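Enquirer: Let me give you the structure first, and then I'll get to my questions.
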Amino acid sequence: MFSYPDVQLYIGGAWRKAAETLPVVNPATGGEIGRLPVAGRQDLEDALQAAEAGFRVWRATSPRARAEVILRAAALMRARIDEIAHAITLEHGKPLPQARMEVIRGCEFFEWDAGEAQRLYGRVVPSAPGIRYMVIQQPVGTVAAFSPWNFPMSQPARKIAGALAAGCSIIIKAAEETPAGAMHIARAFHDAGLPAGVLNLVFGHPAEISSFLIPQPQVRLVAFTGSTSVGIHLTEMASRSMTPVLMELGGHAPVIVCDDVDPVAAGRMSAARKARNAGQVCTSPTRFFVDEALFDAYASAFAERAAAVRMGDGMASGTEMGPLANHRRVEAIEALVEDARAKGARVLTGGVRPNGPGYFYPVTVLADVPEDARVMREEPFGPLAVINRVASLDAAIRAANALPFGLAAYGFTHDAARAERIMMEVEAGNISINTLEASVAEVPFGGVKASGQGREGGMEGMQHYVEVKTISHRMELESDPKVSGA
């Protein structure tokens with residue numbers, strides 16, 4: 001049996017403790033399992049200096065050599081999957097099989113980007129004799145990255161993978177509630193021979209760390225995953241120094257269910273996906289707009305499968321859904337449910353917090369929710385689903401697009417024309433038809449509207465970590481230059 005790791009900061013290729021620490025809590029029990037080191041001002045200054053030095057080394061390292069280090073680290077993480085997954089389940093609460101899947105997913109991000117590191121091609125543009133125009137891509141520099149608590153390993157992996165593959169150095173501030181996933185990444189890269197300073201890991205008070213790092217001239221990109229409100233704040237801070245940002249922000253994913261699908265199969269699939277990670281996923285399906293002809297059968301199947309979800313400690317065999325990550329999420333879900341209930345929504349299942357320790361809340365299904373209920377506008381980020389009936393595909397698309405969010409959206413239909421309309425007319429960065437999977441390593445991921453700027457993953461994800469440089473090279477000096485041109 002593995003124990004929870006001794007979490008430390010990783011700066012300049014060395015592990016270090018901190019004078020101030022905070023508790024790390026197991027959400028299944030509410031008990032303390034470890035201590036979080038809080039980076040002080042000197043730690044952050046050291047990390048910035050280390051990242052500068054690391055960047056000078058790493059940018060001069062060939063893409064193939066960079067890829068070899070990344071792949072060695074990914075192989076180590078795959079070999080340590082049981083240890084990493086155990087730590088993730090302890091600190092986050094998700095069932096152990098889901099934690100294992102997260103480790104695999106994180107490794108896939110590293111493996112994909114290691115390949116992309118060798119495909120950051122430039123080009124030579126046709127020109128007149130005696131002159132050559134070239135376009136090349138160079139690493140942007142030091143990245144300040146901020147990852148959330150809902151995926152302790154795969155979220156920091158996505159940012160670290162892109163930065164390192166492009167030749168950047170990175171300072172990543174991982175989540176306070178779930179620090180072990182990022183620490184295991186740093187450990188793997190340390191053991192894989194990554195040069196000192198290329199990867200630096202800090203924890204602490206988010207506002208203090210962001211307000212120190214983001215304005216620094218050495219920081220050339222800010223990458224963040226989290227809420228829209230925080231993303232806007234960080235973007236405003238970065239704009240003062242014209243630092244570009246990569247923002248993956250909130251969602252409130254709509255699901256359109258047309259009348260040509262099996263309502264029972266679609267309902268059961270939807271409920272199972274809603275329970276994944278206790279609904280604490282930015283792409284979690286949340287607002288279900290169901291054709292009125294299928295509504296009763298779909299809602300019944302959804303509620304039946306949701307009620308059967310086995311909730312418990314993530315370490316226990318057979319657990320399908322663990323606790324929410326912290327008491328704040330439980331309180332937020334309770335408030336949304338009570339608001340919707342007071343405004344006339346029907347509770348098909350769930351809606352009551354169980355007695356006992358831990359931050360548990362069942363999958364809760366609301367039906368016929370009025371438009372003025374808070375949950376129709378606010379992302380629940382938990383195991384809460386809204387099922388409303390619609391009279392037509394037009395009405396469903398209007399409802400799907402009614403919010404400022406546009407991260408992920410889903411549709412169930414076997415009709416090619418309907419699928420085309422959903423794909424083309426729904427405003428989201430990621431749309432899936434007859435599947436509730438929104439993101440894999442091979443494709444870009446990101447939102448539109450208030451759900452973010454930029455893309456992570458796929459070949460497009462690498463573009464944020466490089467700068468494009470145009471070079472004009474004339475072979476000979478002009479002997480009699482003329483004053484001309486724009």
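Enquirer: So, in segment 25-44, of the ones that are in a strand (DSSP E or B) and more than 21 Å from Ala145 (Cα to Cα), which residue ends up nearest to the chain's Cα centre (by Cα)? Quick ask: steps written out before the conclusion?
Expert: Pass one, segment 25-44, residues in a strand (DSSP E or B): 25, 32-38.
If we keep only those that are more than 21 Å from Ala145 (Cα to Cα) too, we end up with 25, 32-35.
On the way: Val25: 22, Glu32: 26, Ile33: 25, Gly34: 24, Arg35: 24 Å.
It comes out as Val25.
Yes or no, residue by residue, for (1) part of a helix (DSSP H, G or I); (2) in contact (Cβ under 8 Å) with a residue 60 or more places away in the chain:
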position	(1), (2)
Asp296	yes, no
Glu304	yes, no
Ala325	no, yes
Arg353	no, no
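Enquirer: So, in segment 406-430, how many residues would count as being among the hydrophobic types (A, V, I, L, M, F, W, C) and closer than 11 Å to Thr283 by Cβ? Spell out how you get there, then give the answer.
Expert: So the first thing to find is which residues in segment 406-430 are among the hydrophobic types (A, V, I, L, M, F, W, C), and the list is 407-409, 412, 416-417, 419, 422-424, 426, 428.
Next, from what is left, pick out any that are closer than 11 Å to Thr283 by Cβ: 407-409, 428.
Residues flagged as among the hydrophobic types (A, V, I, L, M, F, W, C) and closer than 11 Å to Thr283 by Cβ within segment 406-430 amount to 4.
Enquirer: Sticking with this structure for a sec: Check Ala367, Ala335 and return the single one that is outside the structural domain of Gly93 (by TED's automatic domain parsing) and either crowded, with 23+ Cβ neighbours inside 10 Å or in contact with a Lys or Arg (Cβ under 7 Å, 6 or more places away or on another chain) (or both). Steps first, answer last, please.
Expert: Values: Ala335 fails: either crowded, with 23+ Cβ neighbours inside 10 Å or in contact with a Lys or Arg (Cβ under 7 Å, 6 or more places away or on another chain) (or both).
None of the others qualify; the one that does is Ala367.
Enquirer: Now for a different question. For Ile431, indicate whether it is under 17 Å from the mean Cα position of the chain (by Cα) and among the β-branched types (Val, Ile, Thr). Spell out the reasoning first.
Expert: On the way: under 17 Å from the mean Cα position of the chain (by Cα): yes; among the β-branched types (Val, Ile, Thr): yes.
Yes: the conditions hold for Ile431.
Enquirer: Look through segment 220-251, keep the residues that are in contact with a helix residue (DSSP H, G or I) (Cβ under 7 Å, 6 or more places away or on another chain) and assigned to a strand (DSSP E or B), and return whichever of them is nearest to Glu177 (Cα to Cα).
Expert: Here the residue is Thr225.
Enquirer: Based on this model, can you work out whether Ala99 counts as crowded, with 18+ Cβ neighbours inside 10 Å and not hydroxyl-bearing (Ser, Thr, Tyr)?
Expert: On the way: crowded, with 18+ Cβ neighbours inside 10 Å: yes; not hydroxyl-bearing (Ser, Thr, Tyr): yes.
Spelling it out, Ala99 is indeed crowded, with 18+ Cβ neighbours inside 10 Å and not hydroxyl-bearing (Ser, Thr, Tyr).
Enquirer: Taking the options Glu442, Glu437, Glu478, name whichever one is more than 26 Å from Ala332 (Cα to Cα), part of a loop (DSSP other than H, G, I, E, B) and out of contact with any Gly (no Cβ under 9 Å at 6 or more places or on another chain).
Expert: Values: Glu442 fails: out of contact with any Gly (no Cβ under 9 Å at 6 or more places or on another chain); Glu437 fails: more than 26 Å from Ala332 (Cα to Cα).
Going through Glu442, Glu437, Glu478 in turn, just one is more than 26 Å from Ala332 (Cα to Cα), part of a loop (DSSP other than H, G, I, E, B) and out of contact with any Gly (no Cβ under 9 Å at 6 or more places or on another chain): Glu478.
Enquirer: Residues in segment 130-167 that are in contact with a helix residue (DSSP H, G or I) (Cβ under 9 Å, 6 or more places away or on another chain) and either part of a loop (DSSP other than H, G, I, E, B) or at pLDDT below 95 (or both): how many?
Expert: 10
Enquirer: Test Ser472 against the criterion of being within 27 Å of Gly167 (Cα to Cα) and outside any loop (DSSP other than H, G, I, E, B), and give yes or no.
Expert: Values: within 27 Å of Gly167 (Cα to Cα): yes; outside any loop (DSSP other than H, G, I, E, B): yes.
Against the criterion (within 27 Å of Gly167 (Cα to Cα) and outside any loop (DSSP other than H, G, I, E, B)), Ser472 qualifies.
Enquirer: Quickly run through segment 93-144 and pick out the residues that are touching a Cys at 6+ places or on another chain (Cβ under 8 Å) and of a type in the set (Val, Ile, Thr). Lay out the reasoning, then the answer.
Expert: So in segment 93-144, the residues touching a Cys at 6+ places or on another chain (Cβ under 8 Å) come out as 139-143.
Val140, Thr142, Val143 - these are the residues of segment 93-144 that are touching a Cys at 6+ places or on another chain (Cβ under 8 Å) and of a type in the set (Val, Ile, Thr).
Enquirer: With the requirement that a residue be within 19 Å of the chain's Cα centre (by Cα) and acidic (Asp, Glu), what does segment 171-229 give you?
Expert: Listed by number, the residues that qualify are Glu176, Glu177.
Enquirer: Checking the structure you have, find out if any residue of segment 62-74 is among the polar types (S, T, N, Q), part of a helix (DSSP H, G or I) and over 23 Å from Ile104 (Cα atoms).
Expert: Here is the first cut: in segment 62-74, the residues among the polar types (S, T, N, Q) are 62.
Filter once more, keeping what is part of a helix (DSSP H, G or I): none.
No - not one qualifying residue is present in segment 62-74.
Enquirer: List, please: which pairs have Cβ atoms under 6 Å, are six or more places apart or on different chains, and start with a residue in segment 1-28 that is over 25 Å from Gly93 (Cα atoms) and end with one that is part of a loop (DSSP other than H, G, I, E, B) and among the aliphatic types (A, V, I, L, M)?
Expert: Gly12/Ala196; Gly13/Ala196
Enquirer: Within the bounds of segment 45-61, is there any residue that is assigned to a loop (DSSP other than H, G, I, E, B) and out of contact with any helix residue (DSSP H, G or I) (no Cβ under 7 Å at 6 or more places or on another chain)? Steps first, please.
Expert: Initially, segment 45-61 is screened for residues assigned to a loop (DSSP other than H, G, I, E, B), giving 60-61.
Add one more test, that the residue is out of contact with any helix residue (DSSP H, G or I) (no Cβ under 7 Å at 6 or more places or on another chain), and what stays is 60-61.
Yes, segment 45-61 contains at least one residue that is assigned to a loop (DSSP other than H, G, I, E, B) and out of contact with any helix residue (DSSP H, G or I) (no Cβ under 7 Å at 6 or more places or on another chain).
The values are calculated or read from the model by the stated rules, or taken from the named source; none is laboratory data. Computed from a predicted structure; not experimentally measured. For neighbour counting, all protein chains shown are included, and Cβ atoms are generated from backbone atoms with ideal geometry for every residue, glycine included.
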